[in-house]
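The values are calculated or read from the model by the stated rules, or taken from the named source; none is laboratory data. Keep in mind that what you see is a predicted model, and the values were worked out from it rather than measured. Cβ placement follows ideal geometry from the backbone for every residue including glycine, while neighbour counts extend to all protein chains displayed. For the accessible areas, the whole protein counts, side chains as well, though only heavy atoms, and no ligand, DNA or RNA atoms are used. Shrake-Rupley method; radii C 1.70, N 1.55, O 1.52, S 1.80 Å.
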Amino acid sequence: MSKRAAVALVATAMAVALTACGSGGGSGDKASGGGDKQLTVGFSQVGAESGWRTANTKSVQDAAKKAGINLKFSDAQQKQENQIKAIRSFIQQKVDVIAFSPVVESGWDTVLKEAKDAKIPVVLTDRAVDSKDESLYATFLGSDFVEEGKKAGDWLVKEYQGKTEPVNIVELQGTTGSAPANDRKSGFGDVIKGDAKFKVVASQTGDFTRAKGKEVMQAFLKSQPKIDVLYAHNDDMALGAIQAIEEAGKTPGKDIKIISVDGVKDAFTAMAASKINVVVECNPLLGDQLMELIKKVKKGETVERRIKTVEGVFTMDQAAAALPNRQY
Ligand code: GZL
């Protein structure tokens with residue numbers, strides 16, 4: 001074989017070897033991320049009803065970008081039928097994983113069975129479903145709302161320690177049928193039922209929004225001769241209620257003590273102004289943890305069935321110092 005032919009043969013062999021290595025994934029070209037296919041995730045969000053939700057959406061979207069995940073995002077405007085439609089669309093598009101925060105607890109089995117039949121894993125985040133069939137979702141990442149309700153009740157018991165006169169409580173519930181509304185109500189009720197002076201004289205949904213929270217608080221102020229405490233299932237309803245209380249010529253945080261949940265910046269600002277007495281934190285910044293979970297689930301790795309977020313309780317005296325560090 002001539003020298004020229006031998007050189008051509010070696011060059012060809014080397015070119016074939018490089019191509020095979022690059023296209024084979026694995027130890028291939030690092031720039032393409034080792035050849036891993038980009039994950040496509042369908043995410044159905046509850047809506048845009050509160051400061052908490054806005055922060056949660058940003059956290060999920062930013063985390064998907066950081067993780068190199070192609071996110072198909074749908075806002076359900078707090079309607080279950082829109083979430084079901086979105087999940088069906090994700091199934092048709094053959095996404096790799098479906099993640100969603102169920103607006104209410106019930107009514108998901110049919111559509112989740114469709115996802116299971118299509119072999120698309122489902123990850124629950126923020127809120128839970130009441131399905132008995134645990135094979136319908138891989139894991140649930142979110143807060144313990146019963147615990148949050150208990151923390152709210154514990155603060156109230158401590159605040160009125162040693163007192164005997166009746167304490168009239170009004171309650172602004174979250175979205176009817178949602179896990180946070182159901183569980184924050186039951187956790188709170190379990191704690192205060194041990195002391196007869198506590199009486200929930202009115203309890204109604206404000207749908208987690210400021211507008212509705214104000215409207216329902218106005219009705220409470222008209223119908224209730226004496227209100228000592230407001231327990232609001234989220235900050236947005238508490239902030240709406242504060243407007244109603246002030247318009248009625250009363251001082252929020254003093255004439256009517258306020259217990260709220262979430263811990264958004266506006267609530268800390270109100271607490272620093274002595275208008276809210278205590279905020280039970282509910283962390284919306286779940287994005288990074290969610291994307292890591294999604295990658296593990298897609299790879300078929302074992303993940304915990306229930307992953308709880310870590311969160312605290314902040315009282316009025318702590319608000320001013322905590323405010324600059326609040327991330328949502
Ligand atoms: C709680 C979340 C609730 C928040 C509200 O995890 O689902 O929904 O407490 C939000 O602010 O609207």
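Looking at (1) surrounded by fewer than 16 Cβ atoms within 10 Å (Cβ to Cβ); (2) among the aliphatic types (A, V, I, L, M); (3) closer than 18 Å to Ser178 by Cα, find the lone condition where Val46 falls short. (1) is the only condition that Val46 fails. For Gly194, work out the one condition from (1) touching a His at 6+ places or on another chain (Cβ under 9 Å); (2) farther than 27 Å from Val46 by Cβ it doesn't fulfil. It fails just one condition, (1). Figure legend. Inter-residue proximity from the stretch 273-291: first residues under 22 Å from Pro252 (Cα atoms), second residues open to solvent by 40 Å² or more (accessible area, probe 1.4 Å) and basic (Lys, Arg), beta-carbon distance below 7 Å, spacing 6+ or different chains. Indicated pairs: Asn277/Lys257; Val280/Lys151. Please give the strands (runs of 3 or more DSSP E) falling wholly within the stretch 244-328 in which 2 or more residues are more than 21 Å from Lys58 (Cα to Cα) and not hydrophobic (A, V, I, L, M, F, W, C). Once the strands (runs of 3 or more DSSP E) in the stretch 244-328 are filtered for at least 2 residues that are more than 21 Å from Lys58 (Cα to Cα) and not hydrophobic (A, V, I, L, M, F, W, C), what remains is 257-262.
Residues in the stretch 47-104 that are among the small types (Gly, Ala, Ser) and within 16 Å of the ligand (Cβ to nearest atom): Gly47, Ala48, Ser50, Gly51, Ala55, Ser59, Ala76, Ala99, Ser101. Please tell me if Lys79 is modelled with pLDDT of 95 or more and either aromatic (Phe, Trp, Tyr) or open to solvent by 60 Å² or more (accessible area, probe 1.4 Å) (or both). Considered against the rule, which asks whether it is modelled with pLDDT of 95 or more and either aromatic (Phe, Trp, Tyr) or open to solvent by 60 Å² or more (accessible area, probe 1.4 Å) (or both), Lys79 comes out as yes.
Please list, ordered by residue number, the strands (runs of 3 or more DSSP E) wholly in the stretch 116-231 having 1 or more residues that are open to solvent by 50 Å² or more (accessible area, probe 1.4 Å). Working first, answer last.
Values: elements: 122-125, 139-142, 167-173, 198-205.
Where strands (runs of 3 or more DSSP E) fall fully within the stretch 116-231 and carry at least 1 residues being open to solvent by 50 Å² or more (accessible area, probe 1.4 Å), they are 198-205.
Identify, please: which residue in the stretch 162-180 is of a type in the set (A, V, I, L, M, F, W, C) and farther than 19 Å from Leu239 by Cβ and is, among those, nearest to the chain's Cα centre (by Cα)? If you could, list the steps in order and put the result at the bottom.
Our first condition is that a residue be of a type in the set (A, V, I, L, M, F, W, C); within the stretch 162-180, this holds for 167, 169-170, 172, 179.
Narrowing further to those that are farther than 19 Å from Leu239 by Cβ: 167, 179.
On the way: Val167: 31, Ala179: 11 Å.
By that ranking, first place goes to Ala179.
Does Gln289 fit the bill of being under 18 Å from Phe145 (Cβ atoms) and open to solvent by 10 Å² or more (accessible area, probe 1.4 Å)? Criteria met by Gln289. In the stretch 58-69, the residues that are among the β-branched types (Val, Ile, Thr) form no Cβ pair under 6 Å with any partner that is surrounded by fewer than 17 Cβ atoms within 10 Å (Cβ to Cβ), whether six or more places apart or across chains.
Just one of (1) in contact with a Leu (Cβ under 6 Å, 6 or more places away or on another chain); (2) away from the ligand (no atom under 16 Å from the Cβ) fails for Ala219. It is (1).
Close Cβ contacts (under 6 Å, 6 or more residues apart or on different chains) running from residues in the stretch 134-148 that are in the same structural domain as Phe100 (by TED's automatic domain parsing) and of a type in the set (Gly, Ala, Ser) to residues that are open to solvent by 30 Å² or more (accessible area, probe 1.4 Å) and more than 12 Å from the ligand (Cβ to nearest atom) comprise Ala138/Pro121.
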